[in-house]
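> Next up is a structure, given as structure tokens.
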Amino acid sequence: MTHVQFPRRSGILLHPTSLPSRFGIGDLGESAYRFVDFLARARQTYWQVLPLSPTAFGDSPYQSPATFAGNPLLISPEKLYEIGHLARDDVQTVPDFPLARVDYARVTSYKNDVLDRAFARFREHAPRAQREAFEKFCAEHAAWLDDVALFLALKDAHGGRAWYEWDAELVARRSSALRRARTALAEPIERQKYRQWQFFEQWLALKRYANARGIRIIGDVPIYVALDSVDVWAHPEQFLLDANLRPSAVAGVPPDYFSPTGQLWGNPLYRWKEMARDDYAWWRARFKLAFTLADVVRVDHFRGFYNFWQVPFGETTAVNGRWVKGPGKAFFRTITRALGEVAIIAEDLGEFDAESRAGVDALRAEFGFPGMKVLQFAFGGDATNPFLPHNYTRDFVAYTGTHDNDTTMGWYHVTASEAERAHARRYLNCDGANIAWDFLRAVWSSVAHTAIAPMQDVLALGHEARMNHPGTLGAHNWTWRMLPDALTDDLAARLADLTTLYGRAPLNTEH
């Protein structure tokens, strides 16, 4: 079969929450457009983001209450002001938020208030064209939006409690209970729909701006969804739940280089045979939306489509699990029949036995999905380590590190062993003084068709700028923000030079 072709290109990983802004969290306003301009000046092709869904407990974009929805915290108040949904005072009087971190509790309270005011003003003053645009959005996305808006309104009405703690009739989605809820919560439901409309309006406008400047968006689809999500509440038959709608087994990974006891994610697992009955309709819709929001999609924990680690519900670690076969090639044949050839990056990291490695590689190869190489995993072993650049082949996306790693400076100075540091210095022929850019050079010069670095590595930031520490609920997870003066012309020129030198710069006619 033919495959999507990946030209030799490069890009930066930066989640929108990490952008500078006056409003306590990065958003889809002016700084996002400035970042796109920086990428273009730096001759980059890709902007990679994390999942754009709403976050809940722990602030992780990988544990969303609504995987089809956009995160309202990313909505720009300034953009709402520009279209008349906020007054000038609404965007001028802003709390004194920290610049370098997201304080999610304060930001959520503030943003909810601003978005409520915007919705009220829209209902009172919106011109006919805007009302029609809103109604059109609601109709086009009704298949997921109706359930999402109802779920989020019900969750607010229940003080944030998980859906399986609601009244029994709502837990079971009795039609009479749902009708009563839709009537009683009509305004909060419309408010949730308004937020989704504005997220999609702002994100797709930003994507068009990026695409027009030769920048492609790499999105992210987590393989699993949260138990406390509209996805499980609305489709319980598609998940491995018991008669009481509680998981009988949950997701995770066995012990690996991230954790000696594995990672117990706790997400419910899919009933793959049940999903196959309607040709994976839920997944087809999910990927269709993902490719509306992005040009390329990274599938997190791709290995789970080949085989997945199933842990009995109630275990306290992921040690006592077992491997179970996933849907495999039949699944992606269905997806490609529905969507055509799609540009997917397969996150295929982790510890593999020989049979699983061969199976995952065959799955990637049949559909032309590149895997991932992470340079931070390369050192401390010998010359056969598959993460060393001389062992790469073209069909990979090479990273200095990811959102789950320390920054490269943090890795070198805090996380790595002395043996790893010494190996890195020998391999890269450097003294470690400029290790972040030594890593960039190694990845950019590699044969891998795509090279990506987190923005923290381009800025040569230390351990304090780490985005996430897997398997923990650390206070600083997901909170890092780039400072307002970080994107200098000198930095763009330096990255552009490296990108041109190693043949990753697009032709000028492409921008």
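> Quick one: residue 123 ticks every box in (1) at pLDDT below 95; (2) not in a loop (DSSP other than H, G, I, E, B) bar one, so which box is it?
Here residue 123 meets the rest and fails (1).
> Looking at this structure, is residue 182 surrounded by fewer than 17 Cβ atoms within 10 Å (Cβ to Cβ) and either among the aliphatic types (A, V, I, L, M) or assigned to a helix (DSSP H, G or I) (or both)?
Taking the combined requirement at face value, the residue satisfies it.
> Also, I was wondering about something else. Residues being of a type in the set (A, V, I, L, M), part of a loop (DSSP other than H, G, I, E, B) and without any contact (Cβ under 8 Å) to a residue 60 or more places away in the chain: count how many of those fall in segment 82-120.
Counting residues in segment 82-120 that are of a type in the set (A, V, I, L, M), part of a loop (DSSP other than H, G, I, E, B) and without any contact (Cβ under 8 Å) to a residue 60 or more places away in the chain gives 3.
> Looking at segment 418-434, is at least one residue without any contact (Cβ under 8 Å) to a residue 60 or more places away in the chain and within 27 Å of the chain's Cα centre (by Cα)?
Within segment 418-434, not a single residue is without any contact (Cβ under 8 Å) to a residue 60 or more places away in the chain and within 27 Å of the chain's Cα centre (by Cα).
> Being more than 26 Å from residue 364 (Cβ to Cβ) and either surrounded by fewer than 18 Cβ atoms within 10 Å (Cβ to Cβ) or free of Cβ contacts under 8 Å to residues at least 60 places away in the same chain (or both) is the filter here, so list the residues in segment 381-407 that pass it.
Within segment 381-407, just 407 meets the criteria.
> Let me ask something else about it. For residue 53, work out the one condition from (1) without any contact (Cβ under 8 Å) to a residue 12 or more places away in the chain; (2) outside any helix (DSSP H, G or I) it doesn't fulfil.
Among (1) without any contact (Cβ under 8 Å) to a residue 12 or more places away in the chain; (2) outside any helix (DSSP H, G or I), residue 53 violates only (1).
> Here is a list: 328, 368, 340, 350. Which entry is exposed (fewer than 14 other Cβ atoms within 10 Å of the Cβ) and under 30 Å from residue 217 (Cβ atoms)?
Just a single option satisfies the conditions, and that option is 340.
> In segment 204-237, which residues are of a type in the set (S, T, N, Q) and crowded, with 22+ Cβ neighbours inside 10 Å?
Let us first name the residues in segment 204-237 that are of a type in the set (S, T, N, Q), namely 211, 229.
Within segment 204-237, 229 is the sole residue that qualifies.
> With respect to residue 429, determine if the residue is polar (S, T, N, Q) and surrounded by 14 or more Cβ atoms within 10 Å (Cβ to Cβ). Break it down into steps so the answer makes sense when it comes.
Numbers: polar (S, T, N, Q): yes; surrounded by 14 or more Cβ atoms within 10 Å (Cβ to Cβ): no.
It is false that residue 429 is polar (S, T, N, Q) and surrounded by 14 or more Cβ atoms within 10 Å (Cβ to Cβ).
> Test residue 341 against the criterion of being part of a helix (DSSP H, G or I) and over 23 Å from residue 63 (Cα atoms), and give yes or no.
Considered against the rule, which asks whether it is part of a helix (DSSP H, G or I) and over 23 Å from residue 63 (Cα atoms), residue 341 comes out as no.
> If you go through segment 443-460 one residue at a time, do you hit one that is among the charged types (D, E, K, R) and surrounded by fewer than 18 Cβ atoms within 10 Å (Cβ to Cβ)?
No, because not a single residue in segment 443-460 is among the charged types (D, E, K, R) and surrounded by fewer than 18 Cβ atoms within 10 Å (Cβ to Cβ).
> Can you tell me which residue is nearest to the chain's Cα centre (by Cα) among those in segment 288-313 that are assigned to a loop (DSSP other than H, G, I, E, B) and under 24 Å from residue 273 (Cβ atoms)?
My answer is 301.
The values are calculated or read from the model by the stated rules, or taken from the named source; none is laboratory data. Being a predicted model, the structure only gives us computed values, none of them experimental. Glycine also receives a Cβ, built like all others from the backbone with ideal geometry; neighbour counts cover every protein chain displayed.
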